[in-house]
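To keep things clear, I will list the structure first and then write my remarks on it.
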Amino acid sequence: MGRIVQIDHVGIAVKNLDEALKLFTEVFGLKVRDISVYEADRVRSAFVEVGESAFEVSESTDPEGPIAKFVEKRGEGIHHVSLRVENIEEVIEELKAKGVQMIDEKPRSYGNIKIAFVHPKSTRGILVELCERL
Ligand code: ZN
């Protein structure tokens, strides 16, 4: 059976990543683990460590990209909550069996991470990401 282990990270959507990171580094005193561009998702994202968890702070690299649209509609702020799971394929099947609508029916791979988004229609408006670290 798939299992939800912990909050892996909280996704934050911002207009300007470098400006926004000052909050996490200078104000909160946290460390940036990694900054990467994800071409397919049209974002540039930084992982900011908070113990076992993290913030994933993202800016859009394209004015028409999903993060740009989100910020335009809802302003900067919390974009998604990522739940770390064991066996993401099983968790997806279990959620589907419970009638939950998925954005990603099959997980997407990013290096040694697999993720899948749950449709916010099924989660009271909260965009939930499932994440398995291999
Ligand atoms: Zn995420």
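Hey, does segment 41-48 have a residue that's of a type outside the set (D, E, K, R), open to solvent by 60 Å² or more (accessible area, probe 1.4 Å) and either within 16 Å of the ligand (Cβ to nearest atom) or at pLDDT 95 or above (or both)?
No, the conditions are met nowhere in segment 41-48.
Within segment 91-134, how many residues are part of a helix (DSSP H, G or I) and open to solvent by 70 Å² or more (accessible area, probe 1.4 Å)?
Residues in segment 91-134 being part of a helix (DSSP H, G or I) and open to solvent by 70 Å² or more (accessible area, probe 1.4 Å): 3 in total.
Does segment 75-86 hold any residues that are touching a residue at least 12 places away in the same chain (Cβ under 8 Å) and exposed (fewer than 14 other Cβ atoms within 10 Å of the Cβ), and which are they?
Gly77, Ile78, Glu86
Please give the strands (runs of 3 or more DSSP E) falling wholly within segment 9-70 in which 1 or more residues are more than 16 Å from the chain's Cα centre (by Cα).
In segment 9-70, 31-38 are the strands (runs of 3 or more DSSP E) which contain 1 or more residues that are more than 16 Å from the chain's Cα centre (by Cα).
State which residue is farthest from Ile115 (Cα to Cα) when the search covers only segment 1-39 and only residues that are away from the ligand (no atom under 14 Å from the Cβ) and small (Gly, Ala, Ser).
Gly29
Between Val100, Val91, Val118, which is within 14 Å of the ligand (Cβ to nearest atom) and aliphatic (A, V, I, L, M)?
Testing whether each residue is within 14 Å of the ligand (Cβ to nearest atom) and aliphatic (A, V, I, L, M) leaves just Val118.
The values are calculated or read from the model by the stated rules, or taken from the named source; none is laboratory data. Since we're looking at a predicted model, the values are computed, not measured. All Cβ positions, even for glycine, are placed from backbone atoms using ideal geometry, and neighbour counts span all protein chains on display. Side chains are part of the model used for accessible areas, which takes the heavy atoms of the whole protein and leaves out ligands, DNA and RNA. Shrake-Rupley method; radii C 1.70, N 1.55, O 1.52, S 1.80 Å.
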